[in-house]
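Only the coordinates and a few stated rules stand behind these numbers; no lab work does. Computed from a predicted structure; not experimentally measured.
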C-alpha cells in the first residue's frame, strides 16, 4: 500500500500503523489514512473535502481531509472489485476523558460550523429527524415480525421481543414531541445548522476525526448524545457533570426554547437501543453472552428514565419555564 500511496498520491510513508482500525502511514507532515471507497462516490467525497479543509483552516487539524490523486480524483481502484480513497491528517490528538476539554472542543467546533458559507447536500441532516425516526420505527416493526415468524428463537431474540414494544412506544412518543417542537417559534441565532457528529462516541476531541463522521445538523444533536453517553455510562453520578457542561456551552452558545425541545426529543428517542440491536443482529452468531449483556442493559434502563427526568429539570432551570414534556417519564416508575 505504501507503493500505491507513492504512485497515486505522491505520499511517502515512513512506516505503517493503525488509526481507528484503518491502515495509516506516517509521513513528514502527518498521516495518510487508507479508507475503503466501495460504497461512496466522488461527489460525496468532494463535499467531505470542502468541509474538512474549512475545519482544518479553522484550527481543527485532527480532522482528516481527503487527498486528490495524481489523476485529479479521490477514488483509486486497487483491483477489479475494490477501491480506496485516502485522507491526510496533520496531527493526532492525545486522549483525554476530561469533560471540560470535551465541552470546550464541542463549543468551538459548533461555532466554527456556524460560519460555514455553504449548505451541504449529501451531509445535511437538518430537519430530517422525524422522517428518519419513522423509518427506524418501521425497521423495528419489521425485525419484530421477522423474529416472530422464525420456527426457533434464541433467548436474546425472545428478550428482544418482550422489550421492543417499550422502546417502539418510547420512539413514537419522541416523534410526537418532535413534531410539536417543530411548531415552536422561539428560536435564536444558534439554531442554525452547524457541523455535528453522526455519533458522539468516540469523543471527537480525543481521536482523529474521519470526514465520514461529520454531518450538518442542529447543534442539539451533539448535546443530546453527550447527555445520553453520560447518563448510560454513569447514571445519576453523571448529572452534575452534564449540568456543568451545559452551563459552559451556554455561556458561549445559549440554547433556545426550540433547541431545548429538539435536544429533549432526541434524548427521548431510544437510539442506544437501535444501535445495540444493529450491533447484535449483524453478528455471525448471537451468543449467551449477548443475552446476559442485554439483561444488564434492560436492568439499567431506569438510569435512562431518570436521565430524561433530569433533562426536563435542566430545561426548566435553564429557561425558567416548564415546557410540559412527556408525562410518562415522571409516571413510568
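Pick from 115, 259, 307: which residue has the top mean-square fluctuation in a GNM of the chain where Cα pairs under 10 Å get a spring?
Comparing 115, 259, 307 in the GNM, the peak value goes to 115.
Per residue, how much space in cubic angstrom lies within the convex hull of the C-alpha atoms of segment 74-119?
165
Would you look at the GNM of the chain, springs on alpha carbons closer than 10 Å, and say which of 24, 299, 64 moves the most?
Among 24, 299, 64, the largest mean-square fluctuation in the Gaussian network model of the chain belongs to 299.
Could you state the orientation-averaged shadow area of the convex hull built on the Cα atoms of segment 154-313, in nm² to one decimal?
Directional mean of the projected Cα hull area for segment 154-313 stands at 10.5 nm².
Give me the mean projected area, in nm² to one decimal, of the convex hull enclosing the Cα positions of segment 123-247.
Hull-based average projected area comes out at 10.4 nm².
Which values of log₁₀ I(q)/I(0), to two decimal places, follow from the Debye formula for segment 2-89 at q = 0.12 Å⁻¹ with a uniform point scatterer at every Cα?
-0.33
Using Cα pairs under 8 angstrom and six or more residues apart, how large is the relative contact order of segment 1-141, in percent?
20
By how many degrees, between 0 and 90 and to the nearest 10, does the Cα long axis of helix 155-181 differ from the longest principal axis of the chain?
The answer is roughly 90 degrees.
Given the C-alpha atoms of the chain, compute the convex hull and give its volume per residue in Å³.
About 157 Å³ per residue, rounded to a whole number.
Would you mind checking the tilt of helix 239-252 against the longest principal axis of the Cα atoms of the chain, expressed as 0 to 90 degrees and rounded to 10?
Once rounded, one gets 60 degrees.
To the nearest 10 degrees, how steep is helix 129-148 against the longest Cα principal axis of the chain, on a 0 to 90 scale?
Around 80 degrees separate the two axes.
Taking the alpha carbon gyration tensor of segment 139-208, what are the square roots of 5 times its eigenvalues, largest first, to the nearest whole Å?
After scaling each eigenvalue by five and taking roots: 35, 21, 9 Å.
Highest GNM mean-square fluctuation, the chain, Cα pairs closer than 10 Å: which of 318, 91, 28?
Top of the fluctuation ranking is 28.
Please state the relative contact order of the chain as a whole percent: Cα pairs under 8 Å, 6+ residues apart?
17
So how many Å³ per residue does the convex hull of the Cα atoms of segment 80-186 work out to?
For segment 80-186, the hull spanned by Cα atoms encloses 283 Å³ per residue.
As an exercise, find the ratio Rg/Rh for segment 230-299 from alpha-carbon atoms, using the Kirkwood inverse-distance average for Rh.
Here the Rg-to-Rh quotient is 1.12.
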